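Novice: This is the structure I have questions about; it appears just below.
The values are calculated or read from the model by the stated rules, or taken from the named source; none is laboratory data. None of the values given here were measured: they were computed from a predicted structure. Cβ coordinates were reconstructed from backbone atoms using ideal geometry, including for glycine residues, and neighbour counts include every protein chain displayed.
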Amino acid sequence: MFKYFPHTKADIESMLKTLNISSIDELFKDVPESVIFNSDYDVPSFMSESELRNHFAELSKKNQELTLFSGLGIYDHYQPAVIDALTSRQEFMTSYTPYQPEISQGTLQYIFEYQSMIQTLTGLEVSNASMYDGTTATAEACFMACAVAKRNKILISSTLNPNTVNVIKTYLKYKELEWDFIAEKDGVVDIEDLKNKLDKDVAGVVVQKPNFYGIIEDYEGFADLIKANKSLFIVNADISTLGVLKSPKEDGADIACGECQSLGMPAAFGGPSLGYLATEKTYVRKMPGRICGYTHDLEGRRAFVLTLQAREQHIRRSKANSNICSNQSLMALFATIYLSLMGKNGLEEVNNLSYQGAHYLYEKLLQTNKFTDPFKKTFLKEFTLETTIPKETIQTALLEKGIFGGIELDVFGEQYEGLINFSVTEKRTKVEIDNLVNILEGLS
Amino acid sequence: MINYNKMIFELSNSERIGYSLPREKFIEFHINQLSDDLLRKQELLLPEVSELDVLRHFTNISIKNFGVENGFYPLGSCTMKYNPKINEEMAANKAFRNLHPLQPTSTTQGALEVYYNLQTYLSELSGLHEFSLSPYAGAHGELVGLMVIKAYHEDRGDFRRKKIIIPDSAHGTNPASTVVCGMNVVEIESNELGRVDLEKLKAVLNDEIAGMMLTNPNTLGIFENDICEITKLIHEAGGLMYYDGANLNALLGKVRPGDMGFDVMHINLHKTFSTPHGGGGPGSGPVGVTETLAKYLPNPRIKKLDDYYFVENSGTALGQISSYFGNYLVALRAYTYIRTLGKENLKLVGPYATLNANYISKALGTAYELPIKGYCMHEVVFNGLINKDNDVRTLDIAKRLLDFGMHAPTVYFPLLFPQAIMIEPTETESKETIDDFINVMHKIAIEAKEDPDKLKRAPTKTPIRRTDEVFAAKMMIFSYKDYLEYINNRG
Amino acid sequence: MSKLVEGLYYSKSHEWVKPLEDDVVLVGITDFAQSELGDVVFVDLPEAGYTISQEDEFGAVESVKAASDLIAPVSGEILEVNEELVGEPELLNKDPYKNWLLKVKLENTDELGSLLSSEEYEEFIK
C-alpha cells in the first residue's frame, strides 16, 4: 500500500469483479501493444517523508539566502504573517476555478475584491481576475490594443524592462503582428520620436513606470498624441508604487498592466507571482482573462459569479482574443490580503520607507566617487548608476558578505554595459545599507 | 458563519491598520520631495482594517468554498487529486522561496538541481527528449508548443504550413492557442465512437498542415486506438504531432506520449503531478519536445555540465515567454510528488484512476445514458439521464450533487453531447467514496422521476443558491466602486 | 417551436430581412437564433453610415453562455441602428421580429433572391 492510494487488494478484486475482468490491464485493451510501456521508469525510488525532508535539507545547503538589494521586477518587500496563514487554507488552495458559484463564493468574493483593488490603484474602470505575470499581461495588453484598434503595430518604449520587451516580441512575432521601438533620451522615452512613429498602423503604445532604470517618467502629453492617432495607451506600472504615484488613469492610459510581485510576495526564484490588467469598460469585451461580477442568488442574497464568459476560449474557441484559461487565483488572494492589511496608509508608508532607503543609499554611493548617475532623474525605490569597478569584483565582494545587489544591467544586453541597478525596500536596515556602501567603497 | 456576507471594504474604519512597518530611518528624505505632478491625486479606495478583521473576513469567506479536502471532486478533465501536504511544506522552505531569479547560479545550485531533475523526470515519464518548465499553465504550454511547431517549419524555410488540425472534441484552448500563435484551425469531426475519423483526417492533409493537436485519451475519456496510424499520417504529410497533456493522468504508468509518436506536448503539473489548483491557478504547463525540436525551446533554459547547473540563453530559441523560470514553486511541488511516489508508485497512477472511472461507468450505466460503450480511461462521459422525461437536465443533476456534499462533475463539455456530464475520479479516491457517489447519483436519478422539482430547485443546502447570471452580465458590476454606484443609483 | 413571420427573407446564419419601401430594408435575428442563444445580454452593432457586405460579419450578439457573430444577409449602407437594443438587449428575446437591428439601403435588390423564404427557412432549421 501507498499513502495516497486507498485501494486495498479486496477493493481492487471487488471492482474488477463488477467489471467482469480479471486484471486492470484489460481496461487498456484499446492501447496498441506496441506503445504500452512495460519497463521501469528511470526515476528514483520512492522516499519516505523524513527522507524527503533530509533530501531537501541537503538541497537547501546548495542555495544561499542573500540580503537583497536587487529589483528589476522582483522586490524584497515585507510579507505579513497573516498571508501564509490564510492562503494555505485548503478551501482556497485546493479548489478549482469557481465554475459552480454555489460552492465557490470564497474564491469569487476575493477575486471581486482583488478586481476592486486593482481598479482603484490603476484608476481605470475594470480589472480582470489576473494574468500569469507582468510580462505576459503586457503582451496580452498589446493583443488587446490590436483587437480594439483593428491595427497591427505596437510601439514599445526603449525604457521598458528587456524581459517584458522579449515576451512582447515573442507574442507579437508568432501572431504575425509588428512592433517598433520609441527611442530613449537620457534614460526616459523620447516624445519627439513617438510623434515621428505614430502612424495609421499603430494600435498601441507601451511605456513603463517606474522604468527599467527605476526612473519615474512623466507622460504628460503622451495620451493626447496617442488618442489623436486613434491608438491605445498602455501603461505598465509596478502596482505597489501606484499607492503614491500618478495612476495610469491620470496618465491617460487605456490599458494598465504589470507585475504584482511587489505586493509582499516572495521572490520565489521568479514565480509564482501575478500580472494585473485593467482597462475602461468600453473595451471590456476585448479584455483577456476571467472577470468576476456582482449579482444575487434566487433568494436575493449577495453573490459573485464569473461573467462575460462569452469572450473566453471555452465558448469562443478560435474566435477568442486570448487563449488564457486560468488566472493566478491564489496569488490574487495573496495580493488582496496584502492590500487589505496595508490599506492606503500602509502602501504609502512602504513606498516612503523604500524611497528614504533608496535615496540614502544613492547619496552614499555617489559620495564614494566610484559611482556616477548618468541620468540624474527622479526615482522611487530603485536606481541605476554607472561605475568603472569591474562587475566581477563587485559581485564577488558582495557575495562574500551574503549580499545580492547592484545587478549589472549588461546581462540584459551590451547597450547597458557599465550600468548597475540597486533597489531598496522598507526591509533594508541602516546597518545593511551602510555595510553595502562600505564594501563598495573599498573596491576599485 | 456560513451567512457571513460582508465585503472587506465594508469593514473599513479609517483609523485602523493591519500592518507593522519598520520606523523611519532616514528622515532627511521623504516621498513628498517628488515633484507634485508625479504624485497621485486620484482617490484610493482601499480598506483600512485591523489584522484580526482580515483573518476573520477571509476565514469566513473561505468556508463558502469547496476544496479537495471537503469531499469528492469528480470534475472531469481537471484531475482533482489530493494535493499532498508535504509538497506545501517543501515549497515553504525559505532557502528556495526567498531566491531572487537573477542571483548568481553559484548561490542557487539547489534550486536549479530541483528544476533540472524535474525536467529529466518529465522527459522519462513522457518519452520526450527535453522539457522547458517556463510555461505558466496548460494553455500557455499549448501556445509555446505551437510556437515550437511554427519555428520548426519556418526554420526549414517552409512558411506555407500554418494549419493545425484539431478534432471537434478538443478543449477550447486548442483552437484559441492556434489562432493566438498566428495559425489557422482545421476542425475535423469525430466518428460515431468519439474518435478521430481516419478518412476525414486524410481528406484534410496537404502541404499547408503544420501539425495536429490531440488529447489522448480524448475528452470523452476514450483512447484513440488508431494513434499510431494518425501520427504516421501526419508525419508523412510533413506535420508534427502535439499532445495536449490535459488527460495525461490516465496514461501515467502505462503509455508515454513520445512512444506514440508525439513530437511536442505540455503537461499540466496541477493535474497529473498533484500541485494545487489554487481556485484557478497558479498552475504550470511544462513543454516537452523531441531531440530535433529541442533547440527551439524558450529561453532561459536550465542546463547541467559536470554537476554544475547553469542558465543558458540560446540564439535558436523561439524567444522568451515568461519573466524568468515560470512558476518555480509549483514545479518544486511536482518534484516533491515525483520523489514521494518514486518509480514504483508512479506506475500505479493511471491504472488506479482508470479502474475507478470504469467502475463508475459500469455502475451508473443503468440510469445515465452512456453514449459511447466500451472501456473508458480515467474519466467517463454520460449524456444526461437515460430517462429524459420531466425535462431534468445535466445542470439540475450537477446542482443537486452539491446538496449531497459532493462537487459537480464537468458539465456541458465535450460539446459533442448536448447533456454531457464528465466524471473523473482520480486514483486518490477510495472505493467507499466512489460507492457513496454512485449511490447519490442513483438517488438523483430516482428523484428526477419522482420529484423533478427538487432537482430544479437545487441546490438548497449550499451557502447561496442558483445565481442570476444575466444580471451580472448586464449590470457589469466589477468592483466595489461599481457596487457603490449601483447602490446609490438604486436609492 | 420557433416563430416565423411570413413574407420576410431569411439567411442560413439566422438573420431576417424585411423590405420596407423601394430599396430600404430592416435586418434582425430570427426567433430560432434568440432561443438558441438564451438570454441576450449584449448587442454589438456598427454605426450608421457604414456599409455592410453580404456574408461578412457586422456585429455580434452575446448571451451568458454563447456569443454569435452577426452575418450580413445583404449588402448596403446602414441608414439607422436600433439604439434601443444597446440599453435593452433583452428586447431581442421578447420579440426578435419587432426589434430590428439595422435599417439598410440595399446596394443590389437582387441579393434578396439568394435568401430563403419562410417555408424554406422553416425546413432549414428543422
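Novice: Can you pull out the helices (runs of 4 or more DSSP H) entirely within the range A:29-123 that have at least 3 residues that are of a type in the set (Gly, Ala, Ser)?
Specialist: Correct list: A:49-61.
To keep it simple, each residue is scored yes or no on (1) closer than 30 Å to residue A:257 by Cα; (2) more than 7 Å from every other protein chain (Cβ to nearest Cβ); (3) β-branched (Val, Ile, Thr); (4) touching an Asp or Glu at 6+ places or on another chain (Cβ under 8 Å).
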{"site": "A:40", "(1), (2), (3), (4)": "no, no, no, no"}
{"site": "A:89", "(1), (2), (3), (4)": "yes, no, no, no"}
{"site": "A:103", "(1), (2), (3), (4)": "no, no, yes, no"}
{"site": "A:113", "(1), (2), (3), (4)": "yes, no, no, no"}
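Novice: Being assigned to a helix (DSSP H, G or I), in contact with a helix residue (DSSP H, G or I) (Cβ under 6 Å, 6 or more places away or on another chain) and among the aliphatic types (A, V, I, L, M) is the filter; apply it to the range A:124-155 and report the residue that is farthest from residue A:344 (Cα to Cα).
Specialist: Among them, the one singled out is A:147.
Novice: Starting from residues that are within 7 Å of chain B (Cβ to nearest Cβ) and touching a helix residue (DSSP H, G or I) at 6+ places or on another chain (Cβ under 9 Å), keep the ones in the range A:334-346 and report whichever is farthest from residue C:39 (Cα to Cα).
Specialist: Here is the first cut: in the range A:334-346, the ones within 7 Å of chain B (Cβ to nearest Cβ) are A:337, A:339-346.
Filter once more, so that each one left must be touching a helix residue (DSSP H, G or I) at 6+ places or on another chain (Cβ under 9 Å): A:337, A:339-342, A:344, A:346.
Details: A:337: 36, A:339: 37, A:340: 36, A:341: 40, A:342: 41, A:344: 40, A:346: 44 Å.
So, considering only residues that are within 7 Å of chain B (Cβ to nearest Cβ) and touching a helix residue (DSSP H, G or I) at 6+ places or on another chain (Cβ under 9 Å), the one farthest from residue C:39 (Cα to Cα) is A:346.
Novice: Of all residues in the range B:305-336, count the ones that are more than 9 Å from every other protein chain (Cβ to nearest Cβ), β-branched (Val, Ile, Thr) and not in a strand (DSSP E or B).
Specialist: 1
Novice: Then there is this: Between a first residue in the range C:27-46 that is in contact (Cβ under 8 Å) with a residue 60 or more places away in the chain and a second residue that is among the small types (Gly, Ala, Ser) and part of a strand (DSSP E or B), which pairs have beta carbons less than 9 Å apart while being 6 or more apart in sequence or on different chains?
Specialist: Within 9 Å, the pairs are C:29/C:68; C:33/C:68; C:34/C:63.
Novice: Given the residues B:392, B:411, which is the only one that is at pLDDT below 95, among the aliphatic types (A, V, I, L, M), closer than 15 Å to residue B:368 by Cα and within 22 Å of the chain's Cα centre (by Cα)?
Specialist: Only one candidate passes the filter, namely B:411.
Novice: Same structure, new question: So, restricting to helices (runs of 4 or more DSSP H) that lie completely within the range B:402-491, which ones have at least 3 residues that are within 10 Å of chain A (Cβ to nearest Cβ), of a type in the set (A, V, I, L, M) and in contact with a strand residue (DSSP E or B) (Cβ under 7 Å, 6 or more places away or on another chain)? Don't jump to the end; show me each part of the working.
Specialist: On the way: elements: B:431-450, B:452-457, B:469-475, B:480-490.
Correct list: B:469-475.
Novice: Which of the residues spanning the range A:115-126 are of a type outside the set (A, V, I, L, M), at the interface with chain B (Cβ under 7 Å from one of its Cβ atoms) and touching a residue at least 40 places away in the same chain (Cβ under 8 Å)?
Specialist: A:115, A:119, A:123
Novice: Now a separate question. For residue A:329, only one of the following conditions fails: (1) touching a residue at least 12 places away in the same chain (Cβ under 8 Å); (2) within 7 Å of chain B (Cβ to nearest Cβ); (3) more than 21 Å from residue A:429 (Cα to Cα); (4) touching an Asp or Glu at 6+ places or on another chain (Cβ under 7 Å). What is its number?
Specialist: Going through (1) touching a residue at least 12 places away in the same chain (Cβ under 8 Å); (2) within 7 Å of chain B (Cβ to nearest Cβ); (3) more than 21 Å from residue A:429 (Cα to Cα); (4) touching an Asp or Glu at 6+ places or on another chain (Cβ under 7 Å) one by one, residue A:329 breaks only (4).
Novice: Can you pull out the residues in the range A:298-308 that are at the interface with another protein chain (Cβ under 7 Å from one of its Cβ atoms) and part of a loop (DSSP other than H, G, I, E, B)?
Specialist: Hits for the range A:298-308 are A:298, A:299, A:301, A:308.
Novice: Tell me which residues, restricted to the range B:435-491, are under 11 Å from residue A:294 (Cα atoms) and of a type in the set (S, T, N, Q).
Specialist: B:467, B:479
Novice: Filter the range C:51-71 down to residues that are in a loop (DSSP other than H, G, I, E, B) and within 13 Å of chain A (Cβ to nearest Cβ) and give me whichever is nearest to residue B:475 (Cα to Cα).
Specialist: Among those that are in a loop (DSSP other than H, G, I, E, B) and within 13 Å of chain A (Cβ to nearest Cβ), it is C:64.
Novice: Take residue B:58 and tell me if it is touching a helix residue (DSSP H, G or I) at 6+ places or on another chain (Cβ under 6 Å), among the aromatic types (Phe, Trp, Tyr) and surrounded by fewer than 20 Cβ atoms within 10 Å (Cβ to Cβ).
Specialist: no
Novice: A further question follows. Step by step: first the residues of the range B:162-216, then only those that are more than 9 Å from chain A (Cβ to nearest Cβ) and assigned to a helix (DSSP H, G or I), then the one that is surrounded by the fewest Cβ atoms within 10 Å (Cβ to Cβ). Which residue is that?
Specialist: B:199
Novice: Looking at B:360, B:372, B:302, can you tell me which residue is assigned to a strand (DSSP E or B), touching a residue at least 60 places away in the same chain (Cβ under 8 Å) and within 12 Å of another protein chain (Cβ to nearest Cβ)?
Specialist: Exactly one of B:360, B:372, B:302 is assigned to a strand (DSSP E or B), touching a residue at least 60 places away in the same chain (Cβ under 8 Å) and within 12 Å of another protein chain (Cβ to nearest Cβ), namely B:302.
Novice: From the residues in the range A:363-419 that are of a type in the set (Gly, Ala, Ser) and either within 13 Å of chain B (Cβ to nearest Cβ) or closer than 19 Å to residue A:74 by Cα (or both), which one is surrounded by the fewest Cβ atoms within 10 Å (Cβ to Cβ)?
Specialist: Result: A:413.
Novice: When you scan the range B:127-141, do you find a residue that is out of contact with any Lys or Arg (no Cβ under 9 Å at 6 or more places or on another chain), surrounded by 21 or more Cβ atoms within 10 Å (Cβ to Cβ) and of a type in the set (Ser, Thr, Tyr), even just one?
Specialist: For the range B:127-141, residues out of contact with any Lys or Arg (no Cβ under 9 Å at 6 or more places or on another chain), surrounded by 21 or more Cβ atoms within 10 Å (Cβ to Cβ) and of a type in the set (Ser, Thr, Tyr): present.
Novice: Would you point out the residue of the range A:51-84, among those that are of a type in the set (A, V, I, L, M, F, W, C) and more than 22 Å from the chain's Cα centre (by Cα), that is surrounded by the fewest Cβ atoms within 10 Å (Cβ to Cβ)? Full working, then the answer.
Specialist: Step one: list which residues in the range A:51-84 are of a type in the set (A, V, I, L, M, F, W, C), which gives A:52, A:56-57, A:59, A:66, A:68-69, A:72, A:74, A:81-83.
Still in the running and more than 22 Å from the chain's Cα centre (by Cα): A:52, A:56-57, A:59.
Details: A:52: 18, A:56: 22, A:57: 12, A:59: 22.
The selected residue is A:57.
Novice: May I pose another question? At pLDDT 95 or above, crowded, with 24+ Cβ neighbours inside 10 Å, touching a helix residue (DSSP H, G or I) at 6+ places or on another chain (Cβ under 9 Å) and at the interface with chain B (Cβ under 7 Å from one of its Cβ atoms): does that describe residue A:95?
Specialist: The answer is yes for residue A:95.
Let's see how each residue does on (1) modelled with pLDDT under 95; (2) within 7 Å of another protein chain (Cβ to nearest Cβ); (3) assigned to a loop (DSSP other than H, G, I, E, B); (4) under 30 Å from residue B:106 (Cβ atoms):
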{"position": "A:250", "(1), (2), (3), (4)": "no, yes, no, no"}
{"position": "A:261", "(1), (2), (3), (4)": "no, no, yes, yes"}
{"position": "A:269", "(1), (2), (3), (4)": "no, yes, no, yes"}
{"position": "A:310", "(1), (2), (3), (4)": "yes, yes, no, no"}
{"position": "A:314", "(1), (2), (3), (4)": "yes, yes, no, no"}
{"position": "A:321", "(1), (2), (3), (4)": "yes, no, yes, no"}
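Novice: I'd like the residue in the range B:375-401 that is in a loop (DSSP other than H, G, I, E, B) and touching a residue at least 60 places away in the same chain (Cβ under 8 Å) and, out of all such residues, is surrounded by the most Cβ atoms within 10 Å (Cβ to Cβ).
Specialist: B:379
Novice: Scan the range B:11-26 for residues that are within 30 Å of residue A:251 (Cβ to Cβ) and at pLDDT 95 or above and report the count.
Specialist: 6
Novice: OK, next. Just the residues that are touching a helix residue (DSSP H, G or I) at 6+ places or on another chain (Cβ under 9 Å) and of a type in the set (S, T, N, Q), please, taken from the range A:16-41. Full working, then the answer.
Specialist: Here is the first cut: in the range A:16-41, the residues touching a helix residue (DSSP H, G or I) at 6+ places or on another chain (Cβ under 9 Å) are A:16, A:18-28, A:31-32, A:34-37, A:40-41.
Once the filter is applied, which keeps residues that are touching a helix residue (DSSP H, G or I) at 6+ places or on another chain (Cβ under 9 Å) and of a type in the set (S, T, N, Q), the range A:16-41 yields A:18, A:20, A:22, A:23, A:34.
Novice: Being more than 22 Å from the chain's Cα centre (by Cα), within 14 Å of chain B (Cβ to nearest Cβ), closer than 19 Å to residue A:252 by Cα and surrounded by fewer than 20 Cβ atoms within 10 Å (Cβ to Cβ), is that true of even one residue in the range A:166-189?
Specialist: No, every residue in the range A:166-189 fails to be more than 22 Å from the chain's Cα centre (by Cα), within 14 Å of chain B (Cβ to nearest Cβ), closer than 19 Å to residue A:252 by Cα and surrounded by fewer than 20 Cβ atoms within 10 Å (Cβ to Cβ).
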